[in-house]
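Below is one structure, written out as structure tokens, with a few remarks after it.
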There are 2 protein chains.
Amino acid sequence: MATATATPTRLDLYRQIARQLRADSIRSSTAAGSGHPTSSLSAADLAAVLLSGHLRYDWSKPKDPANDHLIFSKGHASPLVYAVFRAAGVIDDKELLTFRKFGSPLQGHPTPILPWVDVATGSLGQGMPIAVGMALAAKRLWDAPFHIWTLVGDSESAEGSIWEGFDLGGHEVLPNVTPILDINRLGQRGPTELEWDTDAYAARIESFGWEAIVIDGHDVAAIDDALARAREASVPTAIVARTIKGKGVSFLEDKPGWHGKALSPDEAKKALAEIGDEPSRTFETPKPEAWRPPQKQKTPKVELKGYTEPVATRKAYGDALAALCAANGSVVSLDAEVSNSTHAEEVKKAAPERFFEMYIAEQKMVSAAVGMQVIGLVPFASTFAAFFTRAYDFIRMAAISRANIRLVGSHAGVSIGEDGPSQMALEDLAMMRAVHGSTVLYPCDGNQTAKLVAAMADQKGIVYMRTTRANTPILYRPDEEFPIGGSRVVRGGAAGDKVTVIGAGITLHEAVKAADALAKENIAVRVIDLYSLKPVDTKTLVASVNETSGRLVVAEDHWPEGGVGEAVLAALAGASVNAVRFVHLAPREMPGSGKPAELMHAAGIDADCIADAVRDVLR
Amino acid sequence: MATATATPTRLDLYRQIARQLRADSIRSSTAAGSGHPTSSLSAADLAAVLLSGHLRYDWSKPKDPANDHLIFSKGHASPLVYAVFRAAGVIDDKELLTFRKFGSPLQGHPTPILPWVDVATGSLGQGMPIAVGMALAAKRLWDAPFHIWTLVGDSESAEGSIWEGFDLGGHEVLPNVTPILDINRLGQRGPTELEWDTDAYAARIESFGWEAIVIDGHDVAAIDDALARAREASVPTAIVARTIKGKGVSFLEDKPGWHGKALSPDEAKKALAEIGDEPSRTFETPKPEAWRPPQKQKTPKVELKGYTEPVATRKAYGDALAALCAANGSVVSLDAEVSNSTHAEEVKKAAPERFFEMYIAEQKMVSAAVGMQVIGLVPFASTFAAFFTRAYDFIRMAAISRANIRLVGSHAGVSIGEDGPSQMALEDLAMMRAVHGSTVLYPCDGNQTAKLVAAMADQKGIVYMRTTRANTPILYRPDEEFPIGGSRVVRGGAAGDKVTVIGAGITLHEAVKAADALAKENIAVRVIDLYSLKPVDTKTLVASVNETSGRLVVAEDHWPEGGVGEAVLAALAGASVNAVRFVHLAPREMPGSGKPAELMHAAGIDADCIADAVRDVLR
């Protein structure tokens, strides 16, 4: 185990490993003909000391919960990541040279296709807040002995999300995570904002409640000491390492024009001669002491509330999440300072330690959720649906991370009323449908919401639920089932139906009202509750449109693009089924403030508008 | 004009205005039955001193370029915004009481429907970086005499984007913008992270290169002095004001449970009695000295490059933007530290002072673009297409701001190759289509790109262009025209065409190759270049699908949801036209690294896959 007093032998070992990491970073990127060798060389000494002196990691058991975590927030230093894996002996020389090749798990930026990678990085400013979020749960829930290390680039510290990460670590006093800033002065196209002003970095970090240790990032003794201090610290501690981009190869050192550029074979030969081109070997990493998180209770049955009176689906979400927390000790809740609106606050009563207040920082919230699922938790993160747009890059990256996270957005659409368009999610369904492998749910009543929230806990990937601000009537019994990928026919369903009307969430109730009004005119309408937008119930949609002679009305509280209407069209098109007459009701002008009913009517999505559309398609 | 030595009379006047702002904030929100009176009361003294002592603004000429700017970053303090407008005399008592009512321009959160509002706020953490971005252009391009003030909430300082704003102001040394932080200790659901730790706020602000003036935000003399100092400062200066939420009404002051809650009529009566319920009147605001920005040159003709050899559309973007800058002195370029990849760097040669380096901070970049268009500039902002997801909330809000901004995303889709999925935009078209009033363009060759870039300068709203990493063949002559909303038939077009094949950008070339191969098999294919995805050329699509017996193949380098395929389906569905046989080629599995051709083939979107799909629909 590492100590702060390293022997000369140990320091020599660090230097030897660093040489190998540099050589392998060049070898792999030159073989690939692309990649970021110079960004790897600046951090090679930091990685070498960490790997051999401070990281406690059993490379043969990457899923061992006792292992430390190492997240390369600067994911473009992937040659260094893979060189570390080579030095740890988990990949061989031949695999190393598959870097960036088709089919290789050694992708241009690291992803969890490799078992030693926790999360995908490569969109900058994300690995660091993910690491801090992981540290928060590890400390609060388990006081876990493992440490979390994250290598942060200087360029990426321009991203506000890095400061959201520092804010979280400082506020929650997390000494179990150590950001290591690789201050190599040069970004992609020139100098960084702060260049080598390590004091400025330190002042910023300290202002967010951390201690900053400033070192020469190529002095292995200083690195060794700093890493030891950071691990043992009782306060949040970051390391600010002044480094040289391209360090170790004279014609690369601190030279512009070398970002994201592989050396030619000739240049590589010269570089390797300078570094010392020895055959690569395997080095020891300290192993962690045995540890497991406390056994979490999990009861097979979730005691969901049943509803008979109108209730907001956001309230039903809160109730169901609290019930889930009671049944499953792995479920955690994160909320961006609106838990009294999203009703995530119900968790505070059921399991206060598993409620994580993220304040108004949605990027931080989604990052933390991604970090928490790495260590086996089942996160639900909530805010106003509109504000998940703040975290779209993080959600997209979470899909590349193969993360299992659940996002619940409340207050969607024009139907929220007086608060106006800044608070109205009108693009969330489009955004979430266009996430790889996502699930998109939009329940209309309390009982349906409860069942779907319970199902979300077991659903893989990025799972999104849209909830509604207003109380909505109860359409379903508490004992009904709503499989993901299903739908419900709530009016009509017989041979004589003239028109298919599709709604979801708030518009489903308008569709029902329209159908009931039209029934009095002897117009039989089939109303489908499309509570699962992705996957979508193609079979029911195709059958219904065919059985209603291709007459179709879709009403949604979302811009016309990418939401319910286009989900329906894509389902029908895939089956090459045709809507002979199609009317798409959706807001088309920028809404303002007003009462929900006024705004829904103005947007053309209330019962009157739906009834008119039905009459129209029958004309 | 304001000075730092206020007379007792002046201080009394400030207090009188503050009383009126408080009373009117309560009156309007109580009439509405919703809103944020307590968040308004905390900042009433700040607003009063600003309005009457320091803001230089001709309320009768809101578009006068000499006017100061005042952006309420904490947009939920809209009762205070409208109370300020009442005190300035531009709305009357009756209008004030339309707050939050249907059809009223006094919406729940401020929007530029009102001429005195620059930008919509209400998604927190946005007004402040917008203000800083405006200050950057105002200082660098004109050394303009106007000052920019922005009222910032304490809760919203948890958003990383606030620190991106401070980073920009510090780095660019902008003393012409003053963030005023209203530290009222209470957020929506309880205390803020830092509560009344004004020293912590000051330390953070100073660490980003600003001076911070800490004051009691209810001491009008201190406010007066601080505002005067901030305006005269030669270094970036922020004001940290310790305030009390609900200040002025004893039963509201520093009380939890009052966020976003209107007083009942009875409570309002009590509150108004305490404040002093005088009839509202109009107060003077200092007027600015006459000033206009220097006349910008604008030549009617943009000297666009013509291309005959393969070129990347991103390179053609850079060339065209540089040409635009040469022709029009209002055009500015912002880039997130990747200008050598997006080719925005071409602007540095043509008009170096109009290139704004935003470093790796996409939220800051889009904010700054929004701020710059407020003062009459024509901003183009560029980064990798994938990274615009980082700024989606800002783009969505820019639409509510009725902003005219142009966003150009390079390196889209699996066709970028080795860098892997973190760098591949596969959701950008869905995201951008689902923005109100947006224009979405995706050119395939250099000449088309040049013409579309020129058209973007005159297009209103949020205009997005997706460019491609690789060089692509030239299909069009430099003198051809490509109207927004149009399309091009590039193969076929005669009566005997069997199948419509639609591509855009990179896939258009694959579609052409497929059509040429199929021609040898005597299969006539009509290939449409759908370079304008929104608005989309419905007429051509409908005609072509009808003329090819409903046989349709769409190939796109984007997830299946929300992109080219769904844009086409929506166009056809609107016309109730049917694709009898429809094949949608798009990536459906998470890609890795590899050569562009390998990845396009694996995603099923290359010429071979398109040709197979055509044969399939003819079977």
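The values are calculated or read from the model by the stated rules, or taken from the named source; none is laboratory data. Here the structure is a predicted model, which means the values were calculated and not measured. A quick note on method: Cβ atoms are made from the backbone with ideal geometry, for glycine too, and the neighbour counts reach across all protein chains shown. Please note that ligands, DNA and RNA were not included when accessible areas were found on the heavy atoms of the full protein model with its side chains. Shrake-Rupley method; radii C 1.70, N 1.55, O 1.52, S 1.80 Å.
A few remarks follow.
- Each Cα pair under 8 Å and six or more residues apart adds its sequence gap; the mean of these over the residue count of chain B is a relative contact order of 12 percent.
- A/B buried area, accessible surface, summed, 1.4 Å probe, Å²: 8000
- Mean Cβ neighbour count within 10 Å, used as a protection proxy, ranking A:156-163, A:312-319 highest first: A:156-163, A:312-319
- Among the trypsin sites (Lys or Arg not before Pro) found in region B:69-157, not one is both in a DSSP coil and sparsely packed, with 13 or fewer other Cβ atoms within 10 Å of its Cβ.
- Taken residue by residue and averaged, Cβ atoms of other chains lying within 10 Å of the Cβ of B:193-200 number 3.
- Under-5 Å amide H pairs with A:Val331, H placed in peptide plane, nonlocal only: A:Val378
- Shown for the protein assembly as shown: the carbon plus sulfur share of the solvent-accessible area, taken with all protein chains present and a 1.4 angstrom probe, equals 51%.
- Checking every one of the GluC sites (Glu not before Pro) in region B:387-487 against DSSP loop status and a limit of 13 other Cβ atoms within 10 Å picks out B:Glu480, B:Glu481.
- Taking all Cα-Cα distances within region A:1-61, those exceeding 15 Å account for 56%.
- Inter-copy label distances at A:Ala543, using a point 7 Å along Cα-to-Cβ, come to 4.1 nm with the shortest given first.
- Here is the tail figure for region A:112-183: Cα pairs spaced more than 14 Å apart come to 58 percent of all pairs.
- Cα convex hull of region A:286-423 - mean projected area over all directions, nm²: 10.6
- Charge context of A:Phe99, other residues only, Cβ under 10 angstrom, K/R +1, D/E -1: 0
- Region B:211-268 - Kirkwood radius from inverse mean 1/r over Cα pairs (Å): 13.4
- The accessible-area loss of region B:408-442 on complex formation, taken against its chain alone with a 1.4 Å probe, reaches 20 Å² or more at B:Glu418, B:Asp419, B:Pro421, B:Ser422, B:Gln423, B:Glu427, B:Ala430, B:Arg433, B:Ala434, B:His436.
- Taking GluC sites (Glu not before Pro) across region B:525-619, the ones in a DSSP loop with at most 12 further Cβ atoms lying within 10 angstrom of their Cβ are B:Glu589.
- Note on region B:226-338: percent of Cα-Cα distances in each 10 Å bin, starting at 0 and stopping at the bin with the largest distance, equals 9, 17, 17, 16, 15, 16, 7, 1.
- Inter-part distance where region A:566-590 and region A:403-427 are each reduced to a Cα centre, Å: 22
- q = 0.17, 0.22, 0.24, 0.31 Å⁻¹, region B:559-612: log10 I(q)/I(0) [Debye, one scatterer per Cα]: -0.63, -0.88, -0.97, -1.20
- Rg and Dmax, both from the Cα atoms of chain A and both in Å, are 27.4, 92.
- Per residue solvent-accessible surface (Å²) - the protein assembly as shown, probe of 1.4 Å: 30
- Shape class for region B:352-407, computed from the alpha carbon gyration tensor (a ≥ b ≥ c): oblate, with a/c not under 1.5 and a/b at or below b/c.
- Whole-number Å³ per residue for the convex hull built on Cα positions in the protein assembly as shown: 162
- Over 31 Å (Cα to Cα) - which of A:Lys101/A:Lys247; B:Lys101/B:Lys269; A:Lys348/A:Lys451; A:Lys270/B:Lys513; A:Lys101/A:Lys255; A:Lys315/B:Lys255 fall in this group: A:Lys270/B:Lys513
- Built amide H within the under 5 Å cut-off of A:Leu151, gap 5+: A:Ile71, A:Phe72, A:Ser73, A:Lys74, A:Ile180
- Solvent-free Debye calculation, one equal scatterer per alpha-carbon of region A:421-579: log10 I(q)/I(0) at 0.11, 0.19 Å⁻¹ equals -0.41, -1.24.
- Straight-line cross-link partners of A:Lys61 among the aspartates and glutamates, defined as a Cα under 19 Å from its Cα and at least 8 positions apart when in the same chain: A:Asp92, A:Asp118, A:Glu284, A:Glu289.
- Other copies of A:Thr9: label-to-label distances in nm, shortest first, labels 7 Å along the beta-carbon direction: 8.8
- Protection proxy ranking, peptides B:464-472, A:331-339, B:11-19, A:121-129, average beta carbon neighbours within 10 Å, highest first: A:121-129, A:331-339, B:464-472, B:11-19
- Mean separation of Cα contacts under 8 Å (6+ apart) over length of region A:1-133, as relative contact order %: 26
- Against the criterion of solvent-accessible heavy-atom surface with a 1.4 angstrom probe, B:Ser34, B:Ser40 sort, most first, into B:Ser34, B:Ser40.
- Note on region B:1-127: Rg/Rh from C-alpha atoms, Kirkwood Rh, equals 0.95.
- Cα Rg over Rh - region A:498-589, Kirkwood: 0.94
- Sum of side-chain charges, B:Val453 neighbourhood, beta-carbon under 14 Å (Lys, Arg +1; Asp, Glu -1): 0
- Copy-to-copy label separations for B:Pro265, where each label sits 7 Å from Cα toward Cβ, in nm and ascending: 8.8
- Against the compact-protein benchmark of 2.2 N^0.38 Å, the Cα-based radius of gyration of region A:43-91 scales to 1.09.
- Size-normalised alpha-carbon gyration radius of region A:533-583, reference 2.2 N^0.38 Å: 1.04
- Closest-to-axis residue of chain A (Cβ criterion, axis taking A to B), whole Å: A:Gly160, 1
- In plain terms, if you count all Cα to Cα distances in region A:70-168 and split them into 5 Å steps from zero, the share in each step is 3, 13, 22, 21, 16, 13, 8, 3, 0 percent.
- Cβ neighbours within 10 Å from other chains - mean over A:115-126: 3
- Partner aspartates and glutamates for B:Lys595 [C-alpha distance under 17 Å; skip if fewer than 8 residues away on the same chain]: B:Glu418, B:Asp419, B:Glu510, B:Asp557, B:Asp606, B:Asp608
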